[in-house]
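Structure first, then comments.
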Amino acid sequence: MTPPTPLPRWLGVALLLLIAVSFASNHVAARLAFDHGANVATAVAVRSIGAALFVLALLAQAGVALRMPAPTLRRAIGIGLLVAIQSLCLYSAVARIPVALALLAFNTFPLMLGLISWAAGGERPSRRAFVAMPIALVGLAVALDVAGLAPPLAGAAAAAPVSMGVGVAFALGGAASFASALYLTTRWLASTDGRLRTLVLMLVVAAVAIAGGALGGRFDWPGDRIGWAALAALTVLYSSAITALFVLLPRLGAVNNAAVMNFEPIAALFLGWMVLDQQVATIQIAGALLVIGAIVMLTTGRR
């Protein structure tokens, strides 16, 4: 099949920023659901089933046949397992440590993606990508106050050292899994219909989450209306974001545009302030501006 036509750079960046905000909103909603009784297995299973149903409706409306060659299906299932690991790891991190800090650790995935692609002889990150991604990570570290430079603020709660370490480890594990999934998607499934590809991935993630919950002997559901509303919101937000990401990925240029997704924890920082009443210090705002500057650097000029 003919390779998909790349989108204009400005449009690809705009879409990735929108996807990043949707993912950030999903994680804030997930933390709200966890705070009101839901557990990780329940959230991942519900959101993945919701995403699968959403994509199935799109396929039915378009009249796309639900068929995939056996070798391609096996590859899609393998990628689905990586996405399942990413989903469980990241939600486990969000449940243990502040949302924005979990996303800071997770958003090392663009660096991992660039290194995986380069090591495998694939697309080499541009010079701007090599410069912009470290700048973005430095900005993220400042924005999320990793060094503890921000003055104490009312309402700020510190995670226990053990919980913090486990949460960061989960987030980094999720980053490695997601980077691998993105790379293999562009390498193995670029010519596959994005909606069909996403359907298979979400079915695999749902199956893994359900199996994990069954083996663990528990699916915890929200205990009040706020928790149920948060669970519904994270399902809608995740369904739209993950579908858009995997449908558009082959046309976005994964390696050189992936650093734009570093905007996700910045969005989570502000959403956490608005929804979860988390305070933001001036130095953290400066870090956010540094990330935005890195994104502008990445998306301007010639490749």
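What follows draws every value from the coordinates through simple rules; no lab data is involved. Just so we're clear, the structure is a prediction, and the values are computed from it rather than from any experiment. Cβ coordinates were reconstructed from backbone atoms using ideal geometry, including for glycine residues, and neighbour counts include every protein chain displayed.
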## Note on the structure
If one builds a Gaussian network model of the chain from Cα atoms under 10 Å apart, the most fluctuating residue listed among A119, A171, A181 is A119
#### Entry: Value of relative contact order over the chain, rounded to a whole percent, pairs C-alpha under 8 Å and six or more apart
44
### Query
How many angstrom lie between the C-alpha centres of segment 75-151 and segment 162-235?
15
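Rounded, prolate or oblate: which fits segment 1-128 when a ≥ b ≥ c are the square roots of the eigenvalues of the alpha-carbon gyration tensor, with rounded for a/c under 1.5 and prolate only if a/b beats b/c?
Numbers: a/c = 1.64, a/b = 1.17, b/c = 1.41.
Since a/c reaches 1.5 but b/c is at least a/b, the shape of segment 1-128 is classed as oblate.
Return the calculated 222 nm mean residue ellipticity for the chain, to the nearest 500 deg cm²/dmol, obtained by summing -39500 (n - 2.57) across DSSP H runs with n ≥ 4 and dividing by the residue count.
Working: 12 runs with 227 residues, N = 303.
Rounded to the nearest 500, it is -25500 deg cm²/dmol.
Is the shape of segment 169-212 best called rounded, prolate or oblate, per the rule: a/c under 1.5 gives rounded, else a/b larger than b/c gives prolate, else oblate, with a ≥ b ≥ c the square roots of the Cα gyration tensor eigenvalues?
Details: a/c = 3.60, a/b = 1.21, b/c = 2.96.
Oblate.
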### the chain pair-distance distribution - Cα-Cα, 20 Å bins, rounded %
35, 59, 7
#### Entry: Sorted peptide list for 197-209, 72-84, criterion being average Cβ within 10 angstrom, highest first
197-209, 72-84
